[in-house]
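The values are calculated or read from the model by the stated rules, or taken from the named source; none is laboratory data. It should be emphasised that the depicted structure is a prediction, and the values quoted were computed from it without experimental measurement. Note: ideal-geometry Cβ built from the backbone for every residue, glycine included; neighbour counts use all protein chains shown. The protein model used for the area step is the full one, side chains on, heavy atoms only, and it has no ligands, DNA or RNA in it. Shrake-Rupley method; radii C 1.70, N 1.55, O 1.52, S 1.80 Å.
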Amino acid sequence: MERLFEELAGEAVKELLRAVRGTFFCRSTAERLRRNVEPLLPLVQQPQGGAGWGHGRSAGELAELAAQLREALELARRAASAPRWNVYRTAQLARRMEAADTAIARWLSRHAPAHVLDGVRRLRDEADARIGRLERRVEEVAAAQAAALPPPAMSLPFALPPPPKAMAMMAMDTPPKATSMGMEAPPSKGVAMGMEVEFAFPEEEDEDGVVGGGVRVGKEKVKEMVMSGGGGGWEVVGICGMGGSGKTTLAMEIFKDHKVRGYFSDRVFFETVSQSANLDTIKMKLWEQISGNLVLGAYNQIPEWQLKLGPRDKGPVLVILDDVWSLSQLEELIFKFPGCKTLVVSRFKFPSLVTRTYEMELLDEEAALSVFCCAAFDQESVPRTADKKLVRQVAAECRGLPLALKVIGASLRDQPPKIWLSAKNRLSRGEAISDSHETKLLERMAASIECLSGKVRECFLDLGCFPEDKKIPLDVLINIWMEIHDLDEPDAFAILVELSNKNLLNLVNDAQNKAGDLYSSYHDFSVTQHDVLRDLALHVSGRDALNNRRRLVMPRREESLPKDWQRNKDTPFEAQIVSIHTGEMKESDWFQMSFPKAEVLILNFASSVYYLPPFIATMQNLKALVLINYGTVSATLDNLSAFTTLSDLRSLWLEKITLPPLPKTTIPLKNLRKISLVLCELTSSLRGSKVDLSMTFPRLSNLTIDHCIDLKELPSSICEISSLESISISNCHDLTELPYELGKLHCLSILRVYACPALWRLPPSVCSLKRLKYLDISQCINLTDLPEELGHLTSLEKIDMRECSRLRSLPRSSSSLKSLGHVVCDEETALLWREAEQVIPDLRVQDGGTIHCAILTCSVFMQLTLQQQPKLAEKIEP
């Protein structure tokens with residue numbers, strides 16, 4: 001089909017050119033159209049197998065181009081055959097040809113950046129795959145040498161088995177890592193113009209060396225299901241098992257398996273659904289991946305016949321749906337075109353739709369002991385120094401569940417024998433609590449948090465207050481812990497690391513190492529948690545009566561507040577943290593409740609309009625307010641007068657919110673210390689604002705603005721907030737410069753302005769910031785020079801200036817930065833610091849590496865030209 005489109009488009013262009021040359025009255029218009037069409041010849045005349053734009057996704061897009069060319073061809077023919085005396089007719093045709101020219105130009109502007117980025121990312125992934133294979137080969141040789149065995153020949157079709165820890169880890173039900181589209185999916189996906197583009201994995205090691213025990217057997221059975229049957233139509237098969245039994249791990253093994261990907265020609269797609277899924281978003285995302293086309297309208301606008309026929313010229317498709325919770329979800333998400341197979345991963349069976357199901361089996365005694373020992377001792381067997389009988393007894397209480405084995409094993413690592421004996425006794429007592437296996441599991445796993453210290457345990461329970469299957473912003477989490485547990489920032493981060501080491505949460509993007517840096521920004525990092533661990537936190541927190549609970553949480557998204565909340569509304573709630581997860585909320589959807597002890601309010605929603613709850617007025621002790629919109633567009637807030645009662649508010653996090661214009665007279669939030677604005681629309685709020693921000697926020701010390709792409713300039717009144725200690729502005733692609741009066745912020749110690757490609761200079765007054773310790777201008781690709789008086793920053797300790805490609809020189813005064821100890825930059829920029837290194841003691845210049853220039857340039861181009869399209873799909877509720 002793709003070849004046919006190419007031939008049709010090529011012939012259309014040739015005939016169009018011949019017809020245009022014969023036009024008389026429309027000669028100027030036709031000539032311009034000819035000049036615009038001729039460069040398209042190489043595109044639509046790619047030889048078969050060529051590496052043009054059409055790779056992998058061209059059939060639909062070239063069909064669109066071919067249709068436009070056919071329309072232009074018809075216009076040219078009619079212009080050529082029109083009588084010369086009919087001036088009106090030829091003028092009309094000239095206007096229509098101009099419109100055709102514009103349509104072709106629009107096609108190029110819409111698709112060219114995505115194709116360029118596709119090519120760059122494909123080259124990058126191919127290079128990464130080659131490097132990965134080389135690294136694995138080196139590891140094999142090293143392992144063979146260590147075992148005093150000859151290294152395996154390069155032609156062997158299998159790999160050496162991994163170390164025991166890696167083998168045991170594969171039995172865990174670990175969710176896939178996140179992508180830039182927010183999908184909990186493998187890290188090998190690229191993103192272009194809001195679409196996900198699949199790349200082939202490098203060939204994997206033999207399954208026997210990768211997956212241990214029952215998972216290996218299950219993998220072969222599931223592979224047989226997905227690669228057989230169906231009879232040319234559509235089919236749904238399934239993986240079923242309780243939470244923590246390894247379903248997701250097995251599904252990920254199927255997703256990455258080179259035989260499966262070869263069978264489906266790399267057309268294998270993975271999507272996590274969850275209980276509170278936005279099904280329309282998921283359907284749109286999957287259809288764009290399957291069809292290879294960007295859908296500009298809504299999903300329900302796609303013709304029904306197109307969905308039933310599917311991309312018939314592209315071969316079979318495998319769609320893996322992880323964490324499906326209901327039959328209605330599944331019915332909405334399956335595609336019923338020929339050749340489409342759906343693999344459903346769920347805790348439940350769906351016999352009415354699923355033709356074949358593989359039921360997860362718990363690990364046998366020896367495999368379970370191996371997983372447990374890897375978590376507790378970092379080896380596959382019980383150490384000689386340990387009580388073998390006691391270890392086996394504790395492992396046996398986990399009943400072969402991989403997640404329980406790992407969590408409980410990690411919690412007992414380096415603990416004395418009495419703690420092990422106590423854990424064994426508690427696990428034993430948990431058996432008789434309920435006939436429900438799920439409840440038994442939670443009671444057994446509760447033993448893993450009972451040995452935590454008081455504040456660490458409370459911090460773990462706080463994790464249950466965030467929505468299921470959503471990344472938790474690290475900045476929000478740390479800030480909440482600091483506010484309600486009276487922790488300093490380093491102590492809060494230490495608790496985070498402790499919970500991570502005990503496998504009670506997962507740190508995304510290497511947060512433990514990168515976020516642990518003295519000047520790092522938490523808002524670049526996030527935390528995830530397994531569903532069963534979240535269930536455990538909710539289970540433990542829910543033991544008290546509803547009105548006496550310390551955490552009042554809606555476990556999943558609902559359209560209205562829970563009915564049991566309404567039944568108990570007349571009695572004050574003792575909750576310290578209140579977490580609400582809904583869709584759109586109007587004034588009539590709320591009812592009055594009293595929260596005299598609430599210190600944290602988390603409002604999660606998905607809508608374009610949101611009415612703030614009236615009971616905020618009762619939260620006299622509220623310290624942290626978090627509003628996160630998981631919808632597709634920014635939300636407008638109603639009932640803003642609720643803010644006037646929050647005199648003790650210290651922290652405010654707004655995500656995907658349209659900020660209203662600030663009134664000239666506002667009641668000051670005198671205790672507000674921290675404001676974070678993420679994916680917000682700020683233009684209407686800041687344009688021509690004459691509000692004295694220093695009066696509204698007299699104690700503000702930390703301001704973060706991220707991915708607010710309509711931000712063109714900061715209001716100068718920000719420079720009147722003398723209490724500001726940290727300003728972080730990132731990924732604001734329209735920001736051109738900072739306020740001239742920035743030097744007035746005498747308390748400022750941290751200034752981050754990174755990934756702001758339109759920024760072309762720093763104001764000279766920045767050199768007056770005598771307390772500035774950290775300056776981050778990385779990825780400001782249009783920054784051409786630094787202020788001449790930079791050497792006056794006598795307290796400056798670190799500069800991050802990676803990807804400042806147009807910065808060709810340093811100010812002479814830079815040698816006067818006597819406190820400077822660390823510069824992170826690219827290799828070329830590092831040469832500029834050689835002279836300063838000789839005069840500044842202990843200066844360390846680090847080559848931080850570069851982002852691929854082509855990728856960064858394409859990303860910036862698309863952000864600057866396609867700002868009206870939805871940004872950062874990972875923020876959209878899946």
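Just a few scattered comments:
- Cβ-Cβ FRET estimate between Glu380 and Glu359, R0 fixed at 25 Å, reported to 0.05: 0.40
- The largest accessible area among Thr736, Thr696, Thr385 belongs to the first residue in Thr385, Thr736, Thr696, and the rest follow in falling order (1.4 Å probe, all chains).
- Seen from a random direction on average, the alpha-carbon convex hull of the range 215-359 projects onto 8.2 square nanometres.
- The residues of the range 447-602 expose, per residue, 39 Å² of accessible area to a 1.4 Å probe.
- Rounded FRET efficiency, nearest 0.05, which uses the C-beta distance separating Asp517 from Cys451 and R0 of 35 Å: 0.70
- Taking all protein chains together, Arg426, Arg808 sort by accessible area into Arg808, Arg426, largest first [probe 1.4 Å].
- Kirkwood hydrodynamic radius of the range 753-833, Cα pairs, Å: 12.5
- Applying 1/(1 + (r/R0)^6) with r as the Cβ-Cβ distance of Arg413 and Trp305 and R0 = 60 angstrom yields a FRET efficiency of 0.55.
- Residue separation of Asn425 and Thr644 scaled by 0.36 nm, minus their Cα-Cα distance, works out to 73.6 nm of gained length.
- Relative contact order of the range 215-359, defined on C-alpha pairs under 8 angstrom at six or more residues apart (%): 41
- Computed from point charges on the beta carbon alone (+1 for Lys and Arg, -1 for Asp and Glu), the dipole magnitude for the range 214-280 about its Cα centre is near 280 Debye.
- The residues of the range 215-359 expose, per residue, 37 Å² of accessible area to a 1.4 Å probe.
- With a cut-off of 14 Å between beta carbons, the residues surrounding Cys767 carry a summed charge of +1, where Lys and Arg count +1 and Asp and Glu -1.
- Taking every protein chain into account, the 1.4 Å probe leaves Lys818 with about 110 Å² of accessible area, to the nearest ten.
- With every protein chain in place and a 1.4 angstrom probe, the accessible-area ranking of Arg267, Arg802, largest first, reads Arg802, Arg267.
- Seen from Asn621, the other residues with C-beta closer than 10 Å to its C-beta sum to a net charge of 0, counting Lys and Arg as +1 and Asp and Glu as -1.
- Pairs from the table (Lys406/Lys674; Lys223/Lys336; Lys223/Lys283) lying more than 30 angstrom apart at Cα are Lys406/Lys674.
- Dividing the mean sequence gap of close Cα pairs (under 8 Å, 6+ apart) by how many residues the range 569-683 holds gives a relative contact order of 21 percent.
- Normalised by the number of residues in the range 707-757, the average gap of Cα pairs under 8 Å and 6 or more apart makes the relative contact order 46 percent.
- Net charge contributed by nearby residues that have their C-beta within less than 15 Å of Trp590 (K/R +1, D/E -1): -3
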